[in-house]
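Notes follow once the structure below has been shown.
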Amino acid sequence: MENFICVQCGTQFSETIEPPASCPICEDERQFVRHAGQKWTTLKWLATDHHNRLEEEAPRLLGIGTEPEFAIGQRALLVQSPGGNLLWDCISLLDDETIAEVNARGGIRAIAISHPHFYSSMIEWAEHFDAQIFLHAADREWVMRPADAGSRIQFWEGTTLSLWDDLTLINCGGHFEGGTVLHWPAASRDRGSKGALLTGDIITVVQDRRYVSFMRSYPNLIPLGPAAIHRILERIEPFTFEQIYGGWWQANVLSDAKAAVARSAHRYLRAIGQT
Ligand SMILES: [Zn+2]
Ligand SMILES: [Zn+2]
């Protein structure tokens, strides 16, 4: 029996003898099946020719991504906080070196994930670090390893969930109904401490890093309508933040990020003829 991992999206599945017939996450209109067809790997195989790169993205914010690039090429972020570390988003590869590095920084108290494209090997990570996982209940159907998740996963409902040290999960919807961002008010870089939003691609940092964007599907270029954009703006409005850390290396807005979201939403709404 193996917990197969989809090569295209990096999601690990429940144990089976043979690889699953298909990957529902890749067959969804927001993703796609590899041009060469569905392909599977396992954690053990993945570890033979991949490793994780660890890099500080900001003080007390460790990026963890896989090299060479795997699945959607994301990096997870370890938020180091006095009340315990939170792993924001997740990746497929977990190896001994990564476990040692994370333990040297105090381990992981809990894992919170923006949306199903980052569920990856979350159960492996949760088991190794004895961590709770927080997922928004609206995306429950996309958990591909539900049986052995047991009580590891706490499905939360509503618009916000307060964790410890004023860390707050905010349901923004959009790309996925359960789409979540994390507010980390203690984030600081250079002078001052004004907070950060960790967003995956619920609010995605684009190439011009003075801007972000919002899509139902990024690979298939399916936009969101005005109601979804307004809901995202409303949900983040009560929170103060100066930076946004997106789901990929360098995908960060490092100053004036709340204004960047506002001007990006305005530009988006204008582009779809709504202002
Ligand atoms: Zn997949
Ligand atoms: Zn996504």
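The values are calculated or read from the model by the stated rules, or taken from the named source; none is laboratory data. Just so we're clear, the structure is a prediction, and the values are computed from it rather than from any experiment. Glycine also receives a Cβ, built like all others from the backbone with ideal geometry; neighbour counts cover every protein chain displayed. We work out accessible area using only protein heavy atoms, side chains counted, and drop any ligands, DNA or RNA first. Shrake-Rupley method; radii C 1.70, N 1.55, O 1.52, S 1.80 Å.
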Checking SER264 against (1) of a type outside the set (Lys, Arg); (2) in contact with a strand residue (DSSP E or B) (Cβ under 6 Å, 6 or more places away or on another chain); (3) under 29 Å from ASN85 (Cα atoms), which test does it fail? (3)
Just to be sure I understand the filter: pairs with C-beta atoms under 9 Å, separated by 6 or more residues or on different chains, first member in region 24-51 and touching a residue at least 60 places away in the same chain (Cβ under 8 Å) and open to solvent by 30 Å² or more (accessible area, probe 1.4 Å), second member assigned to a helix (DSSP H, G or I) and within 16 Å of ligand 2 (Cβ to nearest atom). Which pairs pass? PRO24/GLU141; PRO24/TRP142; PHE32/CYS26
Hits in region 129-148 - residues which are touching a Ser or Thr at 6+ places or on another chain (Cβ under 9 Å) and either closer than 23 Å to GLN80 by Cβ or open to solvent by 10 Å² or more (accessible area, probe 1.4 Å) (or both): GLN132, PHE134, LEU135, HIS136, TRP142, MET144, ARG145, PRO146, ALA147, ASP148
Filtered residue count, region 83-123, keeping only those that are in contact with a strand residue (DSSP E or B) (Cβ under 6 Å, 6 or more places away or on another chain), more than 16 Å from GLY200 (Cα to Cα) and hydrophobic (A, V, I, L, M, F, W, C): 3
Within region 206-243, work out how many residues are open to solvent by less than 30 Å² (accessible area, probe 1.4 Å) and within 16 Å of ligand 1 (Cβ to nearest atom). 1
Exactly one condition in (1) out of contact with any Ser or Thr (no Cβ under 7 Å at 6 or more places or on another chain); (2) modelled with pLDDT of 95 or more is false for ARG152; which is it? (2)
Evaluate the following for ALA196: is it closer than 20 Å to TRP248 by Cα and open to solvent by less than 20 Å² (accessible area, probe 1.4 Å)? yes
Go through region 58-83 residue by residue and tally those that are within 15 Å of ligand 1 (Cβ to nearest atom) and buried (at least 24 other Cβ atoms within 10 Å of the Cβ). 1
Kindly indicate whether GLY174 is modelled with pLDDT of 95 or more, assigned to a loop (DSSP other than H, G, I, E, B), surrounded by 18 or more Cβ atoms within 10 Å (Cβ to Cβ) and touching an Asp or Glu at 6+ places or on another chain (Cβ under 8 Å). no
Could you count how many residues in region 84-98 are over 15 Å from the mean Cα position of the chain (by Cα), part of a loop (DSSP other than H, G, I, E, B) and surrounded by 19 or more Cβ atoms within 10 Å (Cβ to Cβ)? 2
Region 108-157, residues that are without any contact (Cβ under 8 Å) to a residue 24 or more places away in the chain and assigned to a loop (DSSP other than H, G, I, E, B): ASP130, GLU157
